[in-house]
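Derivation of every value follows stated rules applied to the coordinates shown; laboratory data play no part. From a predicted model like this one, the values you see are computed outputs, not experimental measurements. Glycine gets a Cβ as well: all are built from the backbone with ideal geometry, and neighbour counts include every protein chain shown.
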Amino acid sequence: METRVFVIWLFVGTIRVSVRSDFSEIPNFKEHIGNQTVSVGREAILPCIVDNLSTYKVAWLRVDTQTILTIQTHVITKNHRIAVTHTETRAWYLHIKDVKESDRGWYMCQVNTDPMKSQVGFLEVVVPPDILDYPTSTDMVIREGSNVTLKCAANGSPKPNITWRREGGELIAQGNGQEVASVEGEVFNITKVNRLHMGAYLCIASNGVPPTVSKRIMLIVHFPPMIWIQNQLVGAMEGEQMTLECHSEAYPKSINYWTKENGEIIAQGAKYEPVLLDNAYKIHMKLTIKSVTKQDYGTYKCVSKNSLGDTDGSIRLYEIPRPTTVEPTTTTTTTTTPAPTTYRGM
């Protein structure tokens, strides 16, 4: 390698001076160039410290392409990102601005002694991770019970590591029944998807070069409605206020309502107050009956429908008789006292 570079050095016509007999005055490198690591887009500065340079000349070369970059303070290459600075008569710094991945490689500092003296240093260019649009997954919609594969691909140097997490910090349920905080790897398989898997997942790419980047992928799970009723038989006295409750789960979101025994849909009004409390795919249905009358006793249905199906649940409201009031009985007792007997004297 040194021979090939030396030939180029002679080819450009650099003037060399005669070698001196005093070895102490021959140029020598004071420090090693060393290996430099620079993030893409930053500036790389490679040092070359030479003692006893005298009238000898210093050049910087790119080893792998055998390209002369600079001689003394002159930039030879047409690469406008290359510059050289000279300080204290002994230090020559090669500057590479706006570093690119293509700048990675070996660089040589050379002095035109005879024989030529040189030393090399390696420039490592690191690149922060960048998540690719393809083949990285986009938001996905899947039917409950199916299998799904999420993919995440990223470029960077060193090669990025991929980690999957739930956006809200929830544990990830796996096929073996275990739950984990994160999953490693570009491909994330979920078997027999259920509604608990629904939500946002983060594909996180990191390689030790800031910044770490992530992409949010939404997993939407479709399933038909299901209804749970805690109390299917409830009682109330006339005049009381009573609330009936149903719990429903469905996605896409369902249409939910209450009906009377005859199928009539119950609307908001002075008599009834239906309320829906929703949280993601869960619905809490309430029906408040104000001041129950005899006509209100009977069966009520909570109904849930979406594009995948419908279901309903029944609650029977029965009458609780009011307790009978018993009037207390008062008993009067009369006592007769006989009159005293009077004896007259004879």
> Tilt of helix 2-11 relative to the longest C-alpha principal axis of the chain, in degrees (0 to 90, nearest 10)?
Replying inline: 60 degrees
>> I need the P(r) histogram for the chain: all alpha carbon pairs, bin width 10 Å from 0 out to the longest distance, whole percents.
In response: 5, 16, 13, 10, 10, 9, 8, 7, 6, 6, 4, 2, 1, 1, 1, 1, 1, 0, 0
>> At 7 Å along Cα-to-Cβ for each site, give me the label-to-label distance between Glu240 and Lys282 in nm.
In response: 2.7 nm
>> Using helices alone, I'd like the mean residue ellipticity at 222 nm for the chain: each DSSP H run of four-plus residues gives -39500 (n - 2.57), total over residue count, nearest 500.
In response: -1000 deg cm²/dmol
> Taking springs between alpha-carbon atoms closer than 10 angstrom, which of Tyr281, Tyr272, Tyr107 fluctuates most in the Gaussian network model of the chain?
Replying inline: Tyr272
> Calculated FRET efficiency, Ile220 and Thr65, Cβ-Cβ r, R0 41 Å, to nearest 0.05?
Replying inline: 0.20
> For the cross-link pairs Lys159/Lys215; Lys215/Lys253; Lys260/Lys294; Lys30/Lys117; Lys100/Lys159; Lys271/Lys294, which exceed 24 Å when the distance is taken from alpha carbon to alpha carbon?
Replying inline: Lys215/Lys253
> Using +1 on the beta carbon of Lys and Arg, -1 on that of Asp and Glu, and nothing else charged, what's the dipole of the chain about the Cα centre, debye to 20?
Replying inline: 260 debye
> Say the dipole of the chain comes from +1 at the beta carbon of Lys and Arg and -1 at that of Asp and Glu; which of Ile190, Thr311, Thr70 then lies farthest toward its positive end?
Replying inline: Thr70
> Using 1/(1 + (r/R0)^6) with R0 = 22 angstrom and r between the beta carbons of Leu171 and Lys192, what's the FRET efficiency to the nearest 0.05?
Replying inline: 0.85
> Quick one: putting +1 on the C-beta of Lys and Arg, -1 on the C-beta of Asp and Glu, what dipole do you get for the range 132-222 around its Cα centre, in Debye to the nearest 20?
Replying inline: 60 debye
>> Take Glu31 and Gln295, extend 7 Å from each Cα along the Cα→Cβ direction, and tell me the distance between the two endpoints in nm.
In response: 9.7 nm
> Roughly how many nanometres apart are two label points built 7 Å out from the Cα toward the Cβ at Glu184 and Lys100?
Replying inline: 3.5 nm
> Put +1 on the Cβ of every Lys and Arg and -1 on every Asp and Glu Cβ in the chain; which of Ala200, Gln230, Ser291 then has its Cα farthest towards the positive end of the dipole?
Replying inline: Ala200
